[in-house]
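A.B. asks: Following this message is one structure expressed as C-alpha cells.
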Amino acid sequence: MAWEVVIGLECHVQLKTRSKMFCGCPNTFGAEPNTNVCPVCLGLPGALPRANRVAIAHALLLGSALGCRVREESVFARKQYFYPDMPKNYQISQYDRPLCEGGELPIERDGVRAGIALTRIHCEEDAGKSFHPERHGDRRLSRVDFNRAGVPLLELVTEPVLRSPEECAAFLTALRRLVRWLGISDGDMEKGQLRCDANVSLRPTGATTLGTKTELKNLNTIKGVERGVTAEIERQAVLLDGGGRVTQATLLYDADRDRLALMRSKEHAHDYRYFPDPDLPTLRVSRARIDAAAAETPELPWAREARFRDALALPAYDAAVLTESRELSDYFEACAPAGERKLASNWIMTEVLRLVKERGWGIAEWRERVGAERFRDFLARVAARELPGPIAKQVFAWLPEEQGSVPELLERHGVKVVSGLETLRPLVRAVLAEHAAVVAQVRAGEERPFGFLVGQVMKKSGGQAVPQEVQRLLREELASAHPPETGRGS
Ligand SMILES: [Zn+2]
C-alpha cells in the first residue's frame, strides 16, 4: 500500500542568557559538574523561582520573527515526572496557556519555498544531565550533573505538516539559522543547544485521519534526524504492510548504531499532572513590550536571502551561502561595491570562507583583521583591473596578516603592478611595432599569430598582465586606423 508520512517536530532551543531561567546561577557550558547550582535550581524546600527577563525577551523576539500570536497573559505550569537528572521531580514549563501560538517558519527545498506551520512556542527549564564516566555503556552506576538544570529553553512545536525526513532536516537547518541570526541561541547541536524529537506516523495516501504515532527522542544532529526518521518510517511501513499495527511508544535513536530502541510506552499529557506553578505569578507581557519586540526584529534571514537574489541579482546559491549567518551577510553588504556584487560574492564565498575555515576563525575574527572598508577597497581595485589575478591573490593573503592599505602592502613587499589598460597600452604598441610581419599576417585574417602577439605582451609585462586584457587591447589597437608606432603617449 502507498503510505503518506506525517511528521511533527518538537524542538528545544537552549537560550543564550547570562543566568538560568528561574535563578541567578550562570548559564554556561562545560563548567565543573555541580558548580552552577543554588537552592532554586536544586529544588530545595522554600526556594522561590523568578522568571528570567532576558529569556522572555528572547522568546518574544522568536515569536515575532515567526509571526506567532503572543499571549499577554501566559502561565508557568509544573510538569511532573520522575527523572534522575531532574532535582525537583517536576519541570517548570507552560501548558494550556503558552507564550506564543501559531506562526510559521519558512523553509526551502529544491528551490521550493514552504511555510511550516507552528502550534506553539513555550518557555521552560532544562533538566540536568546523567553521565557514566566509569564504564562506557554500563548504566549501573550513574552520575548526575545539575549545572544544566534550570537553563532556559524554548520548546517549539510544529503542526504535523512535515512529509519527509529531508523536510525535517531543512526545518532544523532553517531554525538553527534563525536563532543564531536573532542572537538568542548559539544553536550548537553538539553542545545540545538545539535538540529535537519527532512524532512520526503513516496513513494510507489520501486518508485524512492520522495514523498512530511514535515519538523519536534524542535526535541531536541534523543527519541524525534524517536517519532516525527514515528508519522509523521504514519500520512502520514494514509493520503496516504485514498487516500489523503501530503501538504508540517513545523510541530512542542511537546515532552510532543507526538503530531505534524502545524507551518507554508513551505517556499522555494527563500522566504529567500539569498544574499552574503556585510559586510563579502569571507571566504578563504588555502590548507595548510585544510591539517593541516586533520593532527590534531585524531583517530576517529568508527576507534577506530573497533580497540578495531579487534586488541584488545574485544567483540563488550565492544568496543562500551569504545569508548563512547574519555576520556574513552584514559583511557582504558592507563590502560589496555597487555594481560589483557578484565579484564580492565570489571572493567572499570562495577565498574568505576558505581561509576562515582553514584558520578556525569566525567571520567576526576575519572582520577584525580585514574591516569592510579595507576589503571594499581591495575589491574595487580588483574590479578596476588594478590587481591582476596572481597579485590579487597575493594581496588577499597579506590582508588578514598585515595592516595597511593595498598600495602600502604592495610597496612594502616591493611588488610593482603592471596592469590597468593605460599602463598596458604602451607595451601592446611596442609589441605591434616590433613584429610588423606578424601584424600583417593577423591583419590578413590569420588567427594563429595573434596568440604569439599576446605571448609577447605577457612577456614584456613580466607575466603580470591579465591575458584577457592584453587580447582586448591588441584587438583594439589592430582595429584602429592608425598604424602602430612606439613612443606615443596615451
Ligand atoms: Zn540556581
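A.B. asks: Restrict the search to the stretch 21-110; then list the chymotrypsin sites (Phe, Trp or Tyr not before Pro) that DSSP places in a loop and that have at most 10 other Cβ atoms within 10 Å of their Cβ.
C.D. replies: Taking the stretch 21-110 and a limit of 10 other Cβ atoms within 10 Å, the loop chymotrypsin sites (Phe, Trp or Tyr not before Pro) found are PHE82.
A.B. asks: What is the spread of the Cα atoms of the stretch 90-146 along each of their three principal axes, largest first, in whole Å?
C.D. replies: Largest to smallest, the principal-axis extents are 49, 35, 14 Å.
A.B. asks: List the trypsin sites (Lys or Arg not before Pro) within the stretch 70-177 that DSSP assigns to loop and that have no more than 11 neighbouring Cβ atoms inside 10 Å.
C.D. replies: ARG135, ARG139, ARG140
A.B. asks: Enter the Cα centre distance for the pair the stretch 276-315 and the stretch 1-80, rounded to the nearest angstrom.
C.D. replies: What the calculation gives is 18 Å, centre to centre.
A.B. asks: Something else: How much accessible area per residue does the stretch 1-99 have, in Å², with a 1.4 Å probe?
C.D. replies: Per residue, the stretch 1-99 has 47 Å² of solvent-accessible surface.
A.B. asks: Among THR230, THR247, what's the order by accessible area (1.4 angstrom probe), most exposed first?
C.D. replies: The residues order as THR247, THR230, largest area first.
A.B. asks: For the chain, what does the helix formula give at 222 nm: sum of -39500 (n - 2.57) over DSSP H segments with n ≥ 4, over the residue count, nearest 500 deg cm²/dmol?
C.D. replies: Computed mean residue ellipticity for the chain: -11500 deg cm²/dmol.
A.B. asks: Could you check the simple spin-label distance between LYS223 and ARG369, using points 7 Å along Cα→Cβ, in nm with one decimal?
C.D. replies: If labels sit at LYS223 and ARG369, their model points lie 2.8 nm apart.
A.B. asks: For the stretch 13-18, in order, what is each residue's ³J(HN,Hα) by Karplus, 6.51 cos²θ - 1.76 cosθ + 1.60 with θ = phi - 60°, in whole Hz (x at glycine and Pro)?
C.D. replies: Here the 3J(HN,Hα) series is 10, 7, 7, 8, 9, 6 Hz.
A.B. asks: Antiparallel versus total DSSP beta bridges in the stretch 216-366: what percent is that, nearest 5?
C.D. replies: For the stretch 216-366, the DSSP antiparallel bridge percentage is about 75.
A.B. asks: Please compute the per residue accessible area over the stretch 212-282 with all protein chains in place, 1.4 Å probe, rounded to a whole number of Å².
C.D. replies: Accessible area per residue: 59 Å².
A.B. asks: ASP197: accessible area at probe 1.4 Å, nearest 10 Å²?
C.D. replies: About 20 Å², ignoring ligands and nucleic acids.
A.B. asks: Could you work out how far the C-alpha centroid of the stretch 84-138 sits from that of the stretch 340-363, in angstrom?
C.D. replies: Using only Cα atoms, the two centres lie 34 Å from each other.
A.B. asks: Counting only heavy atoms of protein chains, what accessible area per residue, in Å², does the stretch 311-407 have with a probe of 1.4 Å?
C.D. replies: Counting only protein heavy atoms, the per-residue value for the stretch 311-407 is 47 Å².
A.B. asks: Pop out the carbon and sulfur fraction of the accessible area of the stretch 267-341 as a percent, whole number, probe 1.4 Å.
C.D. replies: That fraction is 54 percent.
A.B. asks: To continue, here is another question. Modelled label-to-label distance, GLN80 and ALA261, 7 Å Cα→beta-carbon offset: nm?
C.D. replies: 3.0
A.B. asks: How much accessible surface does LYS393 have with a 1.4 Å probe, in Å² rounded to 10?
C.D. replies: Taking all protein chains as shown, LYS393 has close to 120 Å².
A.B. asks: Arrange the residues VAL238, VAL54 by how much accessible surface each exposes, largest first, with a 1.4 angstrom probe.
C.D. replies: Ranked list, largest accessible area first: VAL238, VAL54.
A.B. asks: Can you bin the chain into rounded, prolate or oblate? Criterion: square roots of the alpha carbon gyration tensor eigenvalues sorted a ≥ b ≥ c, rounded for a/c under 1.5, prolate for a/b above b/c, oblate for the rest.
C.D. replies: Because a/c hits 1.5 or more and a/b exceeds b/c, the chain counts as prolate.
A.B. asks: Now for a different question. Could you order THR297, THR158, THR209, THR173 by accessible surface area, starting with the largest, using a probe radius of 1.4 Å?
C.D. replies: THR209, THR173, THR297, THR158
A.B. asks: On the accessible surface of the stretch 86-215, probed at 1.4 Å, how many percent belong to carbon and sulfur atoms?
C.D. replies: It is 46 percent, rounded to a whole number.
A.B. asks: Which value, in debye to the nearest 20, gives the size of the charge dipole of the stretch 12-141 about its Cα centre, when Lys and Arg are +1 and Asp and Glu are -1 at the Cβ?
C.D. replies: 220
The values are calculated or read from the model by the stated rules, or taken from the named source; none is laboratory data. Everything numeric in this text was worked out from a predicted model, so none of it was measured. A quick note on method: Cβ atoms are made from the backbone with ideal geometry, for glycine too, and the neighbour counts reach across all protein chains shown. Ligands, DNA and RNA are stripped out before the accessible areas are found, and what is left, the full protein with its side chains, is counted by its heavy atoms. Shrake-Rupley method; radii C 1.70, N 1.55, O 1.52, S 1.80 Å.
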